[in-house]
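Contents: one structure, followed by commentary.
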Amino acid sequence: MKQAVILAAGKGIRMLPLTKYVPKPLVEINGKPFLYYVLKNLEKAGYERVYIVVGHKKDKVEEFFSKNSFNFEIKFIHQLKRLGTGHAVKLLDAHIKKSFVVLMGDNYYSFNDLNNINFEDDYSYVYALKHETPEKFGVLVTKGDLLVEIEEKPENPKTNLINAALYKFTPEVFDILKKIKKSSRGEYELTSAIDVLSKKNKVKVKELESWVDLGKFDDIPKVEAFMKKNF
């Protein structure tokens, strides 16, 4: 089964004032919520089940799905306390028994990238892009196609390959998520679990075709232009 988890519980502080009224994934892009484009590509790529981790303005997300239908099963997971991406994914432990994809509700990936994810092997994957300013992101250090480490916003990046926040995990990640500790930000980070897996040579890195990040309010015009051209 092709299944995905979309993390959509955050408050979207950098998207204020829009996120005062709706969660970040529902910010409108060319007249449609950003999440619509993400879901349509998952639908086109044949995903059969999608879990939505909700929190901030969760009623708005549920309302969106009451008015829009997709050709896959939808399940809502409520993250009562926003304790980080690692905590959010750990909530799926009781629901998922096979490999799955994790993506952020404010990130867009192409149909080809979502369609070409390998669900069959025993590796986890971090999907990546080469970037002109890698120091602003998590930088991926690799050996061949294996991940060695993720350096978070390093002053002197070792590579120009950045973490695009699209992942494929095997169920092994849940055992690791139960053991990780809070980061300096006071959150359980998904990248902490990836770091543990990488030390076991169990994480591969694969480059994406495209990636669009609806990170902050000023990104809206850029994202709208991209969608007009590519969606």
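The values are calculated or read from the model by the stated rules, or taken from the named source; none is laboratory data. The structure displayed is predicted, hence computed values, not measured ones. Virtual Cβ from ideal backbone geometry, glycine too; neighbours counted across all protein chains shown.
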Subset tally (residues that are within 17 Å of the chain's Cα centre (by Cα), under 15 Å from VAL50 (Cβ atoms) and either part of a helix (DSSP H, G or I) or hydrophobic (A, V, I, L, M, F, W, C) (or both)) for segment 65-109: 13
Number of the condition not met by TYR51 [criteria: (1) in contact with a helix residue (DSSP H, G or I) (Cβ under 8 Å, 6 or more places away or on another chain); (2) of a type outside the set (Val, Ile, Thr); (3) at pLDDT 95 or above]: (1)
Exclusive hit being in contact with a strand residue (DSSP E or B) (Cβ under 7 Å, 6 or more places away or on another chain) and of a type outside the set (Asp, Glu), set SER110, SER99: SER99
Any hit, segment 56-79, residues being touching a residue at least 24 places away in the same chain (Cβ under 8 Å), within 17 Å of GLY215 (Cβ to Cβ) and charged (D, E, K, R): no
Residue tally, condition touching a residue at least 24 places away in the same chain (Cβ under 8 Å) and in contact with a helix residue (DSSP H, G or I) (Cβ under 7 Å, 6 or more places away or on another chain), over segment 131-156: 5
Top-ranked residue of segment 169-189 - restricted to ones that are farther than 20 Å from LYS2 by Cβ and aliphatic (A, V, I, L, M), ranked as modelled with the lowest pLDDT: ILE180
Selection from segment 1-42 of residues that are modelled with pLDDT of 90 or more, over 17 Å from TRP211 (Cβ atoms), outside any loop (DSSP other than H, G, I, E, B) and more than 16 Å from the chain's Cα centre (by Cα): GLU28, LYS32, PRO33
Of the criteria (1) at pLDDT 95 or above; (2) over 18 Å from VAL50 (Cβ atoms), which one GLU120 fails: (1)
Breaking point among (1) closer than 18 Å to VAL212 by Cβ; (2) surrounded by fewer than 21 Cβ atoms within 10 Å (Cβ to Cβ), for ASP106: (2)
Single unsatisfied condition, VAL61 versus (1) among the β-branched types (Val, Ile, Thr); (2) part of a strand (DSSP E or B); (3) surrounded by 22 or more Cβ atoms within 10 Å (Cβ to Cβ); (4) over 16 Å from the mean Cα position of the chain (by Cα): (2)
Residues satisfying the stated conditions in segment 195-225, i.e. more than 19 Å from the chain's Cα centre (by Cα), over 19 Å from ASP145 (Cβ atoms) and at pLDDT 90 or above: PRO221, LYS222, GLU224, ALA225
Residue ID - surrounded by the fewest Cβ atoms within 10 Å (Cβ to Cβ), chosen from residues in segment 196-206 that are more than 16 Å from VAL102 (Cα to Cα), in contact (Cβ under 8 Å) with a residue 12 or more places away in the chain and not hydroxyl-bearing (Ser, Thr, Tyr): ASN201
Residue within segment 126-137 that is part of a loop (DSSP other than H, G, I, E, B), touching a Phe, Trp or Tyr at 6+ places or on another chain (Cβ under 7 Å) and surrounded by 14 or more Cβ atoms within 10 Å (Cβ to Cβ) present: yes
Hey, GLU155 surrounded by fewer than 21 Cβ atoms within 10 Å (Cβ to Cβ) and in contact with a Gly (Cβ under 9 Å, 6 or more places away or on another chain) or not: no
